[in-house]
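Comments concern the structure below.
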Amino acid sequence: MRHAGRALLACFLAWTLTMPEAEAASRLSAQARLEALSFKDLAAWAEDDHAAAFKAFLRSCRALDSSSAELRPAQKPDRQLLPVCRVALQQENLSRSEARRFFEAHFQPFAVVPHSGKGFLTGYYEPEFQGSRTLDSRYKVPLLGRPDDLVTIAQGQSLPGIDKGLQAARRSGQGYEPYPDRAAIEDGALGPLAKPLVYLREPGEAFIIHVQGSSRIRLTDGSVMRVAYAGRNGRPYTSIGKVLVQRGEMDLESMTLAKLMGWLKDNPGPARDLMRQNQSYIFFREADELAPEDGPIGGAGFPLVPGRSLAVDRGLWGYGLPFWLEGELPFTLDRSEPLRRLMIAQDTGSAIVGPARGDFFFGSGEEAGIRAGLLRHTTRFVVLKPKAKP
């Protein structure tokens, strides 16, 4: 699960409790209208690989059926979703045509039309970097484990003495106090509570992992370590990419991951000050339960599926809902392919805000990172809501 969930470059630009269902519905209707459609209204619907979408959907169904804990709780699922899931779990191996008929039989598509305009889609991925479990002259930038005094504040709730805009607090002998920001943590404000899990080479690498919320780290002994989101300091997120664009240092259209990483590495002093403008700080845990072929753990609490897992606004949507997307998927700055795909809401991010706002999970590694960084496109969102049982 990643912190910001937006495309790495557009996004450089808490565990929580769910809100009451009626309040969530009210929030959704205040921001968008839902227009009923037929599946014939979805461009190239019949051409998608619905079997791949169905396999991703089954992951959500297994989690719903077992009432497994969510990493970052979203809205309660639609009350009709679990019965549909139980039907799905009885017929796990479907062909593409069978899976398409399943979705058509059990769901009704609704265009999500935000009052503010069109939908917007970005991408994210699981980065890979080199690292070491021990501090030395080359590996000296830590990723920290979750401190014992960190208290996550449930969405919509507050604690005495803590500003309502903060999503975490520090437990002290006198009660609660605001959790230190990024700069203070990097300067040692946590003391012995700051326990490094692993060390990286560059501050920019650690920052990227903070944004994405997970990573594969190739250690000096040849093994691979997986780290996953374990909490955040609850401070507001600031996009450093947006700051760079506003300063005229870069333009968004030509920005690439390599270009941004090069700037951060070549300008260590300004880069440090820039990254500290983002007060938000992420803590991690070692995810040794993951198999090499698994994706990182999403907000729903299980591994993500490249190309089928979608991050959504958890304050508006529940996990497990299918979304049909129509837009463009870039390969390079000047080459793309049509996006006509069924995806499943399985993740979230603090920068993913709005009814027609999503983050497309591309997978792991450098190529996935390049494509994720290029995706920042207007996109049509269609939610598939489960039909009521007759």
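The values are calculated or read from the model by the stated rules, or taken from the named source; none is laboratory data. What you see is a predicted model; the values in this text were computed from it and never measured. All Cβ positions, glycine included, derive from the backbone under ideal geometry; neighbour counts span all protein chains shown. Accessible surface areas use protein heavy atoms only, side chains included; no ligands, DNA or RNA. Shrake-Rupley method; radii C 1.70, N 1.55, O 1.52, S 1.80 Å.
Quick notes on this structure:
- In a DSSP loop and with at most 10 other Cβ atoms within 10 Å, the GluC sites (Glu not before Pro) in region 263-321 are Glu289, Glu293.
- Point-to-point label distance, Ala69-Val113, nm (Cα→Cβ direction, 7 Å offset): 4.3
- The chain: antiparallel DSSP beta bridges as a percent of all, rounded to 5: 80
- When the listed pairs Lys40/Lys387; Lys40/Lys76; Lys140/Lys265; Lys76/Lys387; Lys118/Lys164; Lys140/Lys259 are checked against a 19 Å cut-off, the alpha-carbon distance exceeds it for Lys40/Lys76; Lys118/Lys164; Lys140/Lys259.
- Compactness of the chain as Cα Rg over 2.2 N^0.38 Å, two decimals: 0.97
- Taking all protein chains together and rolling a 1.4 Å probe, Ser137 ends up with roughly 110 Å² accessible.
- Three-way shape label, region 200-329, alpha-carbon gyration tensor, a/c 1.5: oblate
- Computed [θ] at 222 nm, helices only, for the chain once each DSSP H run of length n ≥ 4 contributes -39500 (n - 2.57): -7500 deg cm²/dmol
- Accessible area per residue, Å², region 159-231 with all protein chains present, probe 1.4 Å: 43
- Estimated dipole of region 39-170 in Debye, rounded to 20 [Cβ of Lys and Arg +1, of Asp and Glu -1, Cα centre]: 200
- Unit Cα scatterers, Debye sum, region 250-390: log10 I(q)/I(0) for q = 0.12, 0.15 Å⁻¹: -0.61, -0.93
- Packing-based order for 85-94, 42-51, 371-380, 309-318, using average beta carbon neighbours within 10 Å, highest first: 309-318, 371-380, 42-51, 85-94
- Expressed as a whole percent, the accessible area of the chain that falls on carbon and sulfur atoms is 50 (1.4 Å probe).
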